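Read the figures in this text as sums done on the coordinates, not as results from a lab. Being a predicted model, the structure only gives us computed values, none of them experimental. Ideal geometry is used to build each Cβ from the backbone, glycine not excepted, and the neighbour counts take in all protein chains shown.
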């Protein structure tokens with residue numbers, strides 16, 4: 001065995017040596033699985049619904065953003081007990097800088113987060129906006145719940161990358177978050193009640209918040225409150241959102257193709273692309289475009305439902321991604337075969353110098 | 001693994017392979033999420049319509065673990081590593097973590113990690129590695145070559 005092989009074997013053995021205890025066999029595994037197989041499509045469906053709504057709002061909502069789709073990865077610090085802040089860190093909100101305090105000792109963690117922003121789909125057939133997951137990193141006091149940190153990240157001023165917009169006005173903020181198993185209650189400030197400036201924008205704003213909240217764990221319902229009271233009059237049309245909202249609340253107003261995976265920044269030798277779609281004959285198409293604009297992968301698949309109903313789809317792409325590709329997911333128009341409702345997701349690996357959402 | 005009625009005994013299969021699958025998953029996603037990946041993979045495999053016809057459940061489970069680990073995303077290990085480095089001592093996981101190795105493996109894609117593990121830990125020939133990864137032998141060699149480049153500094 002060569003020295004190289006010995007070192008590789010050492011690496012493999014040391015990696016495996018960290019193995020935890022094997023998980024026990026779930027006695028009700030079969031029952032669990034049957035229940036899950038019904039639940040997951042529902043969740044995916046619900047997720048798609050929200051995206052559709054957001055897409056519908058794009059033309060009206062573009063209060064911030066525009067241009068081509070870019071990279072990401074920001075490091076942000078939430079408000080409160082900031083301490084051990086690296087020189088490059090930003091304190092949330094972006095306009096405030098927290099001086100490191102020698103007396104504070106709260107641990108700061110760097111976590112990954114996914115918030116939902118809005119894209120205007122290329123060659124839109126429905127005119128609806130696309131809700132797309134956007135990956136970022138942030139620094140946060142260890143005591144801050146993950147979902148609360150993400151909602152804080154989504155609200156307030158954002159330095160959006162080109163190609164992304166948001167319908168959440170800058171003055172809207174999260175006051176408090178309460179988790180109760182599969183439901184989350186999000187207490188908002190008064191500015192929330194004014195909505196985003198139009199019905200479509202209002203729906204999209206809600207969708208962004210709901211999708212961002214439900215991206216974590218098993219949250220299925222989001223209850224919005226202001227001053228602790230359910231909201232009966234929201235936005236320009238006075239929407240009654242006093243009941244908890246699931247991700248399928250506004251599905252019919254989102255782009256016909258919803259991509260939930262991957263999010264920006266993910267890639268490797270293989271990639272799973274998945275989501276839900278409501279497209280002609282349930283046929284979903286995919287392209288991978290390299291940095292030079294060349295289509296290097298073409299594929300299509302059949303969603304579990306289509307032409308009037310939403311179905312789940314997924315692609316497994318085995319391709320040596322360099323981190324500069326773009327994934328395009330769409331369906332072909334039956335009229336002229338052109339790609340319709342195209343959603344674009346950049347494949348970019350971790351980039352510490354990536355897009356800073358909170359840059360002033 | 002097949003009962004007298006021709007039904008795959010899921011529990012028997014699980015108990016037979018869960019230990020090695022957990023080690024494999026540890027090499028793919030790190031020790032923090034390995035158990036979750038194995039559980040998810042077994043749930044996925046047992047619910048698959050192909051499962052009753054699977055001739056080699058061990059190889060099939062390895063493929064599903066790789067699939068779930070790939071979906072788990074390359075960035076997750078990086079995030080876990082960053083958390084580990086910034087965590088307060090009292091919040092550190094009970095198990096021992098080889099940070100040096102994690103930092104080296106972090107540079108690899110999940111597919112490259114799988115090729116390295118199956119070749120050097122499981123000690124399988126290239127065609128067997130290819131079967132467990134669901135790719136060609138040539139692709140296995142390419143993954144190993146790329147892994148070597150990424151690990152150049154660690155290996156030197």
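Compute the length gained on full extension between residue A:17 and residue A:193: take 0.36 nm times their separation in residues and subtract their Cα-Cα distance, giving the result in nm to one decimal.
My answer for the length gained is 58.0 nm.
So if we plug the beta-carbon distance of residue B:16 and residue A:9 into 1/(1 + (r/R0)^6) with R0 = 30 Å, what FRET efficiency do we get, rounded to 0.05?
0.75
Could you check the simple spin-label distance between residue A:170 and residue B:36, using points 7 Å along Cα→Cβ, in nm with one decimal?
Reported label-point gap for residue A:170 and residue B:36 is 3.6 nm.
Need one value for A:272-281: mean number of C-beta atoms belonging to other chains within 10 Å of its residues' C-beta atoms.
1
As a footprinting exposure proxy, order B:49, A:150, A:333 by other Cβ within 10 Å, with the fewest listed first.
Final ranking by Cβ density, sparse to dense: B:49, A:333, A:150.
Which whole number gives the average count of other chain Cβ atoms within 10 Å of the Cβ atoms across peptide B:142-155?
Partner Cβ neighbours, averaged per residue: 2.
Can you sort A:14, A:3, B:113 so the residue with the fewest Cβ neighbours within 10 Å comes first?
If I rank by nearby Cβ atoms, fewest first, I get A:3, A:14, B:113.
Along Cα→Cβ, 7 Å out, is where each label goes; now give me the distance between the ones at residue A:302 and residue A:183 in nm to one decimal.
4.0 nm
Would you mind getting me the FRET efficiency between residue A:123 and residue A:319? Use the beta-carbon distance for r and R0 = 22 Å, nearest 0.05.
E between residue A:123 and residue A:319, to the nearest 0.05, is 0.35.
With labels modelled as points extended 7 Å from the Cα through the Cβ direction, what inter-label distance (nm, one decimal) is found for residue B:55 paired with residue A:233?
For the pair residue B:55/residue A:233, the computed spacing is 7.1 nm.
If you rank B:17, A:319, A:164, B:62 by fewest surrounding Cβ atoms within 10 Å, what's the result?
Arranged by neighbour count, lowest to highest, B:17, A:319, A:164, B:62 become A:319, B:17, A:164, B:62.
Given R₀ = 45 Å, what would the calculated FRET efficiency be for residue B:152 paired with residue A:335, taking r from the Cβ atoms and rounding to 0.05?
0.25
Within 10 Å of each Cβ in peptide B:42-55, how many partner chain Cβ atoms are there on average? Round it to a whole number, please.
2
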